[in-house]
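Visitor: Pasting a structure below so you can have a look.
The values are calculated or read from the model by the stated rules, or taken from the named source; none is laboratory data. Note that the structure is a prediction, hence the values are computed from the model and not measured. Every residue, glycine among them, receives a Cβ derived from its backbone with ideal geometry; neighbour counts consider all protein chains shown. Ligands, DNA and RNA are stripped out before the accessible areas are found, and what is left, the full protein with its side chains, is counted by its heavy atoms. Shrake-Rupley method; radii C 1.70, N 1.55, O 1.52, S 1.80 Å.
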Amino acid sequence: MSSEANTPVLPNCIRLPLPEDELLEVTAKAKDYAIMHGAAMRSKTAFSPDSLNFAPFVLVPSSFPRKEFEKAVALQPIINRLMHNVAHDEEFITTTLAETIKVDEFTANLFNIYRKVLAHGFTQKISLGMLRSDLMLESGCPELSPRAQRPAAGEDLDLDCVAVDADMAVNAVGTAAAGTGRKVVAAAAEASTEQEEEQLKQKVANTIQSAYCCWKQVEINTIASGFGHLGPASKTIQRFVLSELGHADKLHNMPNNNALAGLCDGMVKAWDIYGKPKAVILFIIEDVSYNICDQRFHEFYIRETYPHIKVLRRTLTDVHKEGKLGQSKELLLGNLEVAVIYFRAGYEPGHYHSQAEWDARYLMETSLAIKCPSIHYHLAGTKKVQQALAQPAVLERFINDPDEIKAVGKIFTGLYSLDDNEAGNATYEMALRTPEKFVLKPQREGGGNNVYGVDIPDALKRMSRVERSAWILMDLIHPPLTKGYMVRPGGDMPPQIVDMVSELGIFGVVIGDAEHIVHNYQAGHMLRTKLSTANEGGVAAGLGALDSPYLIDSDDEQN
């Protein structure tokens with residue numbers, strides 16, 4: 001992702017830069033504070049099970065518009081219900097993934113398990129969804145609804161956004177994505193009189209919105225939705241830093257974040273539903289866990305808060321070796337019965353070394369244990385399904401309330417099929433003509449899999465028409481910038497001020513079967529921030545940094 005010189009910049013929560021001596025001292029403290037409060041990971045370059053590095057973090061919290069944060073929090077239970085309904089719609093999942101499974105072996109293997117489970121009937125009808133809805137601010141704030149046409153130059157916009165003054169609007173227009181603003185500014189440049197130019201400039205002020213007027217959906221994660229611990233831990237670090245810098249008066253603008261408790265309580269609610277006091281919660285983990293704190297703190301929270309509930313950690317390979325079904329299809333590991341399975345692995349091909357791991361996944365899916373996610377929830381989180389949800393009228397299949405349909409419809413950016421048909425071929429040609437406007441996404445989680453901008457044509461040309469079905473094309477979001485210090489293990493001391501962009505994740509918990517939802521709530525948040533020039537932003541992948549939102553209002557002034 002590249003940033004343009006006139007991309008809007010959100011105001012900082014405190015005045016930067018800091019004096020060098022103060023910056024050196026507070027950064028050194030913050031590094032130690034991070035390690036000592038569990039904001040840490042194992043090194044991928046010098047791995048040792050006996051040592052930790054602090055996770056990369058942003059020194060002070062990044063600004064985020066209060067209105068949009070609160071809107072995302074309020075919308076999460078609706079998104080939970082949407083994904084729950086999608087997961088239980090066999091016809092929709094089957095039809096939507098029909099082309100993808102022909103060319104994507106991994107998705108095909110997941111779908112094969114789904115098909116076999118369907119054929120025999122679900123042993124456990126209850127599913128636990130621990131979701132994370134990821135979003136980014138759109139600096140241009142074009143029309144949100146995927147069903148609406150973008151207005152032409154001169155047309156009035158009816159946007160649910162916060163208007164800004166003319167000067168900020170002119171600055172913001174540089175990254176207004178395909179909206180009225182660029183056309184208006186271009187017209188202003190060609191205006192023949194000063195009066196016409198002033199009128200057009202005022203038009204920009206009325207139509208182009210602030211740097212933080214709306215947000216767009218990036219993706220919905222239905223498996224291994226991480227950072228339930230690291231999200232709150234980020235706030236802990238930054239609260240400490242702000243207090244050390246003499247800005248404790250600003251802490252009230254950092255929203256409460258109980259993500260760890262919210263997610264773990266979801267697992268316990270599922271455990272209660274299972275109803276066996278001696279049954280355990282099973283975490284499915286990778287062979288090597290780098291993001292160890294984020295996983296272990298879930299385990300430790302459960303053990304400390306609910307000491308009567310035992311937690312096990314096993315790989316897919318371990319389950320193949322140890323697991324079996326009892327007489328009532330209960331999942332047994334040795335002599336322990338499993339009530340809830342929480343997948344922190346299993347979302348990418350590298351987790352399945354052989355048929356044994358796939359057999360283990362199938363064994364668990366056919367068991368009585370409550371899965372997080374169940375196989376149908378996993379498939380509901382594929383990019384192809386989410387692309388289908390952004391199409392006109394599809395939401396009406398899963399949501400009854402017209403206001404909810406409108407609210408969810410507004411958050412989708414452009415998502416396009418690449419199937420071998422008329423629409424997919426048109427998308428292909430569009431991507432070749434203007435690749436800088438898009439990101440190409442496969443059916444994968446975990447970061448590092450997407451193709452951006454000028455790299456898209458070569459990637460597409462290497463694919464056959466059929467192979468394209470495993471990918472979707474998405475409009476590139478143009479977020480506003482923040483400026484701050486990014487602190488990394490082995491990084492510069494003192495750290496330098498850099499341009500950054502952020503991605504907010506809102507957690508949700510939903511539990512129920514095809515007919516009834518018994519629990520549905522928003523469960524905290526996380527913020528990941530990356531350099532504005534970086535495409536990917538995964539902290540565990542080494543590309544982003546921990547952060548937390550500092551809520552600002554539209555009338556906040558630059559510090």
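Results for (1) more than 25 Å from Tyr416 (Cβ to Cβ); (2) buried (at least 19 other Cβ atoms within 10 Å of the Cβ); (3) under 21 Å from the mean Cα position of the chain (by Cα); (4) free of Cβ contacts under 8 Å to residues at least 40 places away in the same chain, shown as yes or no for each residue.
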| residue | (1), (2), (3), (4) |
| --- | --- |
| Arg66 | yes, no, yes, no |
| Ala72 | no, yes, yes, no |
| His84 | yes, yes, yes, no |
| Ala87 | no, yes, yes, no |
| Glu91 | no, no, no, yes |
| Asp104 | no, yes, no, no |
| Leu110 | no, yes, no, no |
| His120 | yes, no, no, no |
| Gln124 | yes, yes, no, no |
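Visitor: Continuing with the same structure: Specify the residue that is nearest to Gly544 (Cα to Cα); the eligible residues are those in region 416-467 that are among the polar types (S, T, N, Q) and not in a loop (DSSP other than H, G, I, E, B).
Guide: Initially, region 416-467 is screened for residues among the polar types (S, T, N, Q), giving 417, 421, 425, 427, 434, 443, 449-450, 464.
Remaining after also requiring not in a loop (DSSP other than H, G, I, E, B): 417, 425, 427.
On the way: Ser417: 29, Asn425: 34, Thr427: 30 Å.
Among them, the one singled out is Ser417.
Visitor: Please verify whether Phe283 is of a type in the set (Phe, Trp, Tyr) and free of Cβ contacts under 8 Å to residues at least 40 places away in the same chain, treating the condition exactly as stated.
Guide: Details: of a type in the set (Phe, Trp, Tyr): yes; free of Cβ contacts under 8 Å to residues at least 40 places away in the same chain: no.
No: the conditions fail for Phe283.
Visitor: Do you know which residues across region 333-353 are closer than 17 Å to Lys278 by Cβ and buried (at least 16 other Cβ atoms within 10 Å of the Cβ)?
Guide: So in region 333-353, the residues closer than 17 Å to Lys278 by Cβ come out as 333-341.
Correct list: Leu333, Glu337, Val338, Ala339, Val340, Ile341.
Visitor: Test each condition in (1) modelled with pLDDT under 95; (2) more than 29 Å from the chain's Cα centre (by Cα) for Glu348 and report the one that comes out false.
Guide: Checking Glu348 against (1) modelled with pLDDT under 95; (2) more than 29 Å from the chain's Cα centre (by Cα), the one that fails is (2).
Visitor: Filtering region 376-408 down to residues that are at pLDDT below 90 and farther than 20 Å from Ala470 by Cβ, which residue is least open to solvent (accessible area, probe 1.4 Å)?
Guide: The selected residue is Ala393.
Visitor: Let me ask something additional. Out of all the residues in region 41-57, is one or more of a type in the set (D, E, K, R) and under 22 Å from Val501 (Cβ atoms)?
Guide: no
Visitor: Name the residue that is farthest from Leu546 (Cα to Cα), counting only residues in region 248-259 that are in a helix (DSSP H, G or I) and open to solvent by 30 Å² or more (accessible area, probe 1.4 Å).
Guide: Taking the candidates together, the pick is Asp249.
Visitor: Still on this structure, please answer the following. Which of the helices (runs of 4 or more DSSP H) contained wholly in region 27-126 include at least 2 residues that are at pLDDT 95 or above? Talk me through it step by step, then tell me what you get.
Guide: Values: elements: 66-87, 90-96, 100-103, 105-120.
Fully inside region 27-126 and qualifying: 66-87, 90-96, 105-120.
Visitor: From the list Leu363, Leu368, pick out the single residue that is assigned to a loop (DSSP other than H, G, I, E, B), within 27 Å of Ser328 (Cα to Cα) and open to solvent by 10 Å² or more (accessible area, probe 1.4 Å). Write out each step before concluding.
Guide: Working: Leu363 fails: assigned to a loop (DSSP other than H, G, I, E, B).
Leu368 is the lone residue from the list that is assigned to a loop (DSSP other than H, G, I, E, B), within 27 Å of Ser328 (Cα to Cα) and open to solvent by 10 Å² or more (accessible area, probe 1.4 Å).
Visitor: Out of all the residues in region 473-487, is one or more of a type outside the set (Gly, Ala, Ser) and without any contact (Cβ under 8 Å) to a residue 12 or more places away in the chain?
Guide: Going residue by residue through region 473-487, those that are of a type outside the set (Gly, Ala, Ser) are 473-483, 485-487.
If we keep only those that are without any contact (Cβ under 8 Å) to a residue 12 or more places away in the chain as well, we get none.
No, there is no match, as no residue in region 473-487 is of a type outside the set (Gly, Ala, Ser) and without any contact (Cβ under 8 Å) to a residue 12 or more places away in the chain.
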